[in-house]
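Colleague: Please read through the structure below; I'll follow up with questions.
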Amino acid sequence: MSTTDPDPLARERAHLAASRAALRAMREDVEALDIRDVTANWVNAAVLSRQIEERIKALADLSHTPLFFGRLDYLHTTQEGQRFYIGRRHVHDAQGDPMVIDWRAPVSQPFYRASRKDPQDVGLRRRFGYTGGELTAYEDEHLTDPEEADTTSRLLQAEIERPRVGPMRDIVATIQPEQDEIVRSGLSGTVCVQGGPGTGKTAVGLHRVAYLLYAHRERLARTGTLVIGPNRSFLRYIEQVLPALGELEVRQSTVDDLVGTHVEVRGADEAAAAVVKGDARMAEVLRRAVRSHVTPPVEPVVVVRGSRRWRVPAYEVEEIVRELLARDMRYGAAREALPRRIAHAVLVRMEEAGEAPDDRVQDAVARNAAVKAAVKAVWPPVDPAKLVLRLLSDAEFLAEHARGVLTDEEQKAVLWTRPPRSVRSAKWSPADAVLVDEAADLVERTHSLGHVVLDEAQDLSPMQYRAVGRRCSTGSATVLGDLAQGTTPWATRSWAEALGHLGKPDAVVEELTAGFRVPREVIAYASRLLPHIAPGLAEVRSVRENPGSLEVRAVGEAERGPAVVAACREFLGREGSVGLIAADARVPELAAALDAAGLGFLAPGEETSARARLTLVPATLAKGLEYDYVVLDEPAAVVGGEPDERTGLRRLYVALTRAVSGLTLVHAAPLPPHLAA
């Protein structure tokens, strides 16, 4: 605590009130703008009005999000000043002097990175604590005082451990130095972040997209950004978090939504079929199938202009076709180029005959009926969905193009047993939609964005990686995941392999091993599974000690339901959210037990409140979620609910690591032997 200021908390509260008043004045200034006499036409007026609306929205004061969370006192006066308040957005007073500095600004960087070994000219770093939006505490670090001991920030610890009820909390104040280095890395390179449970990889990804939009706003406004999450629950999560990071408009999608624009997904695959359809070898099968539509010409092209007939022999047209195929262009682009190449051959003959044709003549020849007919015969249009429909329905067509790529058994696995009559009547699976997306890109290039953030990437198939990679082929990406949490049969085995499929083989791989969310006792217990699910992966080192946070209760079969209900009641007696995680097959039985006990519960994705704090979570939906307290029902059933043991143990690893303050396991069946001490 500072000794020179008699009431520092009151002074900081006064600065908060003044900053909020300044933000309100900034908003009122924008609302008062009159653009009637400054625009040349209605188009400019509409664009400017839209920009003003976005600015007003960005200047809103989020009542439950601290306007600033830290303060830096520099030892030497900088160009802007000596003391800076660090917050979610920039705020200035009537004179234009800064009252709050955006956390993404260069002057804010030492808040995250300064240390006693490298104080970066910071004499004092102050963190603020809030309760219900009100400033209630502060904590100081004197980075150049040799007598002050190194301690873990109590306010930072309290922020991480704060009960999770209501909207997701502000996370910008919890970023650590090793995370900040990733957040502020350049736009041009792709970064892959391997991080175990509680290491903050999702926070890093969200901070990174917010930082890049701040540092490269004009460029990314042109090229676009996208955050890809594993499910809709995750997308609702980032909708709540991004405003606290200073960003309101970030496009979000799941991979299924991304590729589902071509066909309607109404079906599902068996695991064996999904694995083959998701294999990168399918890209070669599709490439062959698309190019098979090109057929060598058998007749010359004869163009009639006036009284003259110009003849391009079949062998010359075939040479043009072979040249286009050799260039490996997109099918559609090559098809568009073919008539101009044929027209050029006609113009050569015209010039040899003494004529002087220009570009208009070449355009006219390219549109000639004879040329159009030749192009249609040699290079017909391809419908991506119809192509995939034929591959999955016609055994001979599939065998022709999968020869030497897929085995006979793999071909049988992907063929539909009852081929649909049309694209619209087909019950497309998510894996089918990815194949259609790949085929569409072979025909016409997919639009590339400036930056893509991909979370829970370990669950993607190689073909899904290719689909995401197409969306950032000329841009960059931030890839986030944990190999130990891969719970699909096609889960990623190595980041090098995954990044190759993404089209970013030179990406930098960073590993986060310091855990801030899961208590040490809990993560150590879950880490017993690592040698079996991800050999060689570093164990997360939790910085949080919380003795008594783990309890394992063995009960009889008849007592299992009541024991689960009792564990939920115990946790509901404390402050914070409670998650009851169970194998999907056991969810109906547990729902009935909770109803009989009078315990109301939510479904995953529904927002908790002071009255509704218990969520019943099927194990397959637990990934990415977190609760203050977790009751885990029957671990062996979680493992047994998956098609193979490795996937089951990975699913269990996910379930074991969702708790922030306490975990209770209830089991009647023997625990998986991998959890033995």
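The values are calculated or read from the model by the stated rules, or taken from the named source; none is laboratory data. What you are looking at is a predicted structure, and each value in this text was computed from that prediction instead of being measured. Neighbour counts are summed over all protein chains in view; Cβ atoms, including those assigned to glycine, are modelled from backbone coordinates with ideal geometry. Only protein heavy atoms, including side chains, enter the accessible area calculation; ligands, DNA and RNA are left aside. Shrake-Rupley method; radii C 1.70, N 1.55, O 1.52, S 1.80 Å.
Colleague: Which of the residues spanning the stretch 554-577 are assigned to a loop (DSSP other than H, G, I, E, B) and out of contact with any helix residue (DSSP H, G or I) (no Cβ under 6 Å at 6 or more places or on another chain)?
Modeller: Filtering the stretch 554-577 for residues assigned to a loop (DSSP other than H, G, I, E, B) gives 555-559, 573-577.
Result: GLY556, GLU557, ALA558, GLU559, GLY573, ARG574, GLU575, GLY576, SER577.
Colleague: Looking only at residues in the stretch 557-596 that are of a type outside the set (A, V, I, L, M) and open to solvent by less than 30 Å² (accessible area, probe 1.4 Å), which one is farthest from ASP633 (Cα to Cα)?
Modeller: Filtering the stretch 557-596 down to residues of a type outside the set (A, V, I, L, M) leaves 557, 559-562, 568-571, 573-577, 579, 584, 586, 588-589, 595.
Filter again for open to solvent by less than 30 Å² (accessible area, probe 1.4 Å), leaving 560-561, 568, 571, 576-577, 579, 586.
On the way: ARG560: 8, GLY561: 9, CYS568: 11, PHE571: 14, GLY576: 20, SER577: 17, GLY579: 11, ARG586: 9 Å.
The residue in question is GLY576.
This table checks each residue for (1) under 30 Å from LEU512 (Cα atoms); (2) out of contact with any strand residue (DSSP E or B) (no Cβ under 6 Å at 6 or more places or on another chain).
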| residue | (1), (2) |
| --- | --- |
| VAL552 | yes, no |
| GLU557 | no, yes |
| GLY561 | no, yes |
| VAL564 | no, no |
| PRO588 | no, yes |
| PRO604 | yes, no |
| SER609 | no, yes |
| GLU642 | yes, yes |
| THR647 | yes, yes |
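Colleague: Restricting to the stretch 226-248, count the residues that are touching a Leu at 6+ places or on another chain (Cβ under 9 Å), more than 21 Å from PRO430 (Cβ to Cβ) and open to solvent by 20 Å² or more (accessible area, probe 1.4 Å).
Modeller: Within the stretch 226-248, residues that are touching a Leu at 6+ places or on another chain (Cβ under 9 Å), more than 21 Å from PRO430 (Cβ to Cβ) and open to solvent by 20 Å² or more (accessible area, probe 1.4 Å) number 4.
Colleague: Kindly indicate the residue of the stretch 578-633 that is hydroxyl-bearing (Ser, Thr, Tyr) and in a loop (DSSP other than H, G, I, E, B) and also farthest from the chain's Cα centre (by Cα) among those meeting that condition. Talk me through it step by step, then tell me what you get.
Modeller: Restricting attention to the stretch 578-633, the residues satisfying the condition of being hydroxyl-bearing (Ser, Thr, Tyr) are 608-609, 615, 620, 627, 629.
If we keep only those that are in a loop (DSSP other than H, G, I, E, B) too, we end up with 608-609.
Details: THR608: 23, SER609: 27 Å.
Per the criteria, the residue is SER609.
Colleague: What's the number of the only condition in (1) assigned to a loop (DSSP other than H, G, I, E, B); (2) open to solvent by less than 50 Å² (accessible area, probe 1.4 Å); (3) over 30 Å from THR664 (Cβ atoms); (4) touching a residue at least 40 places away in the same chain (Cβ under 8 Å) that VAL518 fails to meet?
Modeller: (3)
Colleague: Hey, among the residues in the stretch 285-311 that are touching a strand residue (DSSP E or B) at 6+ places or on another chain (Cβ under 7 Å), part of a strand (DSSP E or B) and not hydrophobic (A, V, I, L, M, F, W, C), which one's least open to solvent (accessible area, probe 1.4 Å)? Step through it out loud before you land on a result.
Modeller: Of the stretch 285-311, the ones touching a strand residue (DSSP E or B) at 6+ places or on another chain (Cβ under 7 Å) are 300-303, 309-311.
The next check asks that each one be part of a strand (DSSP E or B); those that pass are 301-303, 309-311.
Applying the additional criterion that residues be not hydrophobic (A, V, I, L, M, F, W, C) yields 309, 311.
On the way: ARG309: 167, ARG311: 136 Å².
Among those residues, the one meeting the criterion is ARG311.
Colleague: Inside the stretch 602-620, can you point out the residues that are surrounded by 14 or more Cβ atoms within 10 Å (Cβ to Cβ) and either touching a Leu at 6+ places or on another chain (Cβ under 7 Å) or at pLDDT 85 or above (or both)?
Modeller: LEU602, PRO604, THR608, ALA612, ARG613, LEU614, THR615, LEU616, VAL617, PRO618, ALA619, THR620
Colleague: Quickly run through the stretch 630-659 and pick out the residues that are open to solvent by less than 30 Å² (accessible area, probe 1.4 Å) and of a type outside the set (A, V, I, L, M).
Modeller: Answer for the stretch 630-659, where residues must be open to solvent by less than 30 Å² (accessible area, probe 1.4 Å) and of a type outside the set (A, V, I, L, M): ASP633, GLU634, PRO635, THR647, GLY648, ARG650, ARG651, TYR653, THR657, ARG658.
Colleague: So which pairs qualify, if the first residue must be in the stretch 383-411 and closer than 15 Å to ALA439 by Cβ and open to solvent by less than 30 Å² (accessible area, probe 1.4 Å), the second must be assigned to a helix (DSSP H, G or I) and of a type in the set (Phe, Trp, Tyr), the Cβ gap must be under 8 Å, and the two must be at least 6 apart or on different chains?
Modeller: Partner pairs satisfying both residue conditions: LEU391/PHE397.
Colleague: Working only within the stretch 17-73, note down all residues that are within 30 Å of GLN120 (Cα to Cα) and touching a Pro at 6+ places or on another chain (Cβ under 8 Å).
Modeller: Initial filter on the stretch 17-73 (within 30 Å of GLN120 (Cα to Cα)): 17-20, 22-23, 65-73.
Across the stretch 17-73, the qualifying residues are THR65, LEU72.
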